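*Asks:* Mind having a look at this structure? Questions to follow.
The values are calculated or read from the model by the stated rules, or taken from the named source; none is laboratory data. Only a predicted model underlies this, so the values are computations on that prediction, with no experimental measurement involved. Every residue, glycine as well, gets a Cβ built from its backbone with ideal geometry; the counts of neighbours run over all protein chains shown.
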Ligand SMILES: Nc1ncnc2c1ncn2[C@@H]1O[C@H](COP(=O)(O)OP(=O)(O)OP(=O)(O)O)[C@@H](O)[C@H]1O
Ligand SMILES: [Mg+2]
């Protein structure tokens, strides 16, 4: 177990992985988990929408619900996810990796025309990850990967969705950095998923090595 900054008791490290659909989040999370487990870390992998009751509603309603209602539902799931799953695992000393978190909440409902400031506000009280990883790739690259893999939801179907998503992610990333989030941007255009996972692992290793604060 590690002592984290801003905490006087041992807790794990919370890492979120976001980025446009097809950037490789789920693939990279799997590699990262394997790498950390191999070095003896206790790891808990999770994803949003969560496996909880509100996450189930998100999955059920994403295709048929829009705008403010869906944005608030996803934010509600995020708070529930933190309370019921993320915090307990962190408090047990595990590294928690979440496949999507606040950054996705700042991006996905932009497709339905929701104002970014509203999205920021409804996510403002969610626990900050210790490290927010943003996977970056050109729209053409992720559009091709999505074409090969197949779409997971309505946001991935419209022509030009990858261009719009890359643009929304750039804006969200700027906002996170301005707000003081610890953000790691990783270029995934040329790197294989294992290489991307290694970049994140290396960043986490130095993070674990930071001197702890007990204030
Ligand atoms: N760095 C990479 N280089 C080449 N192909 C990749 C890379 N990362 C992922 N892929 C491939 O791209 C596809 C999409 O990856 P993945 O499903 O992990 O993306 P995702 O970001 O989780 O997408 P979604 O937001 O839809 O869940 C998969 O077929 C995966 O094998
Ligand atoms: Mg995925």
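*Asks:* In the range 121-137, which residue that is buried (at least 20 other Cβ atoms within 10 Å of the Cβ) and within 13 Å of ligand 1 (Cβ to nearest atom) is farthest from residue 32 (Cα to Cα)?
*Replies:* Within the range 121-137, the match that is farthest from residue 32 (Cα to Cα) is 137.
*Asks:* What are the residues in the range 90-124 that are within 16 Å of ligand 2 (Cβ to nearest atom) and at pLDDT 95 or above, if any? Talk me through it step by step, then tell me what you get.
*Replies:* Taking the range 90-124 as the starting set, the residues that turn out to be within 16 Å of ligand 2 (Cβ to nearest atom) are 97-101, 103-105, 107-108.
The answer is 97, 98, 99, 100, 101, 103, 104, 105, 107.
*Asks:* What is the residue count in the range 177-201 for residues that are part of a helix (DSSP H, G or I) and either modelled with pLDDT under 95 or within 16 Å of ligand 1 (Cβ to nearest atom) (or both)?
*Replies:* Residues that pass the stated criteria total 9.
*Asks:* From the set of residues in the range 1-23 that are near ligand 2 (Cβ under 10 Å from one of its atoms), within 17 Å of residue 183 (Cα to Cα) and part of a loop (DSSP other than H, G, I, E, B), which is modelled with the lowest pLDDT?
*Replies:* Within the range 1-23, the match that is modelled with the lowest pLDDT is 23.
*Asks:* A follow-up question, please. If we scan the range 78-88, do we find a residue that is buried (at least 16 other Cβ atoms within 10 Å of the Cβ), in contact (Cβ under 8 Å) with a residue 40 or more places away in the chain and touching a helix residue (DSSP H, G or I) at 6+ places or on another chain (Cβ under 7 Å)?
*Replies:* The answer is yes; a qualifying residue exists.
*Asks:* Only one residue in 70, 57, 106 is in a helix (DSSP H, G or I), touching a residue at least 60 places away in the same chain (Cβ under 8 Å) and surrounded by 15 or more Cβ atoms within 10 Å (Cβ to Cβ), so which one is that?
*Replies:* Exactly one of 70, 57, 106 is in a helix (DSSP H, G or I), touching a residue at least 60 places away in the same chain (Cβ under 8 Å) and surrounded by 15 or more Cβ atoms within 10 Å (Cβ to Cβ), namely 106.
*Asks:* Ok, one more. Picking from 160, 113, which residue would you name as being surrounded by fewer than 18 Cβ atoms within 10 Å (Cβ to Cβ), more than 16 Å from ligand 1 (Cβ to nearest atom), in contact (Cβ under 8 Å) with a residue 40 or more places away in the chain and farther than 30 Å from residue 88 by Cα?
*Replies:* It is 113.
*Asks:* Can I ask one more? Confirm whether residue 129 is in contact with a strand residue (DSSP E or B) (Cβ under 8 Å, 6 or more places away or on another chain) and either part of a helix (DSSP H, G or I) or within 16 Å of ligand 2 (Cβ to nearest atom) (or both).
*Replies:* no
*Asks:* So if I check each of 12, 24, which one is closer than 23 Å to residue 168 by Cβ, in contact with a strand residue (DSSP E or B) (Cβ under 9 Å, 6 or more places away or on another chain) and buried (at least 21 other Cβ atoms within 10 Å of the Cβ)? Explain how you work it out, then say what you get.
*Replies:* Details: 12 fails: closer than 23 Å to residue 168 by Cβ.
Just a single option satisfies the conditions, and that option is 24.
*Asks:* Okay, moving on. Checking the conditions here, which among 165, 140, 174 is surrounded by fewer than 18 Cβ atoms within 10 Å (Cβ to Cβ), in a helix (DSSP H, G or I) and within 16 Å of ligand 1 (Cβ to nearest atom)?
*Replies:* 140
*Asks:* Are any residues in the range 24-36 out of contact with any helix residue (DSSP H, G or I) (no Cβ under 6 Å at 6 or more places or on another chain) and either over 18 Å from residue 86 (Cα atoms) or within 16 Å of ligand 2 (Cβ to nearest atom) (or both), and if so, which ones?
*Replies:* 25, 26, 29, 30, 33, 34
*Asks:* Is there any pair linking a residue in the range 183-210 that is more than 20 Å from residue 103 (Cβ to Cβ) to one that is near ligand 1 (Cβ under 10 Å from one of its atoms) and part of a helix (DSSP H, G or I), with Cβ under 8 Å and at least six apart or on different chains, and which?
*Replies:* Cβ pairs passing all conditions: 194/31.
*Asks:* Against the condition within 13 Å of ligand 1 (Cβ to nearest atom), touching a helix residue (DSSP H, G or I) at 6+ places or on another chain (Cβ under 7 Å) and in a helix (DSSP H, G or I), how does residue 146 come out, does it pass?
*Replies:* Numbers: within 13 Å of ligand 1 (Cβ to nearest atom): yes; touching a helix residue (DSSP H, G or I) at 6+ places or on another chain (Cβ under 7 Å): yes; in a helix (DSSP H, G or I): yes.
Yes: the conditions hold for residue 146.
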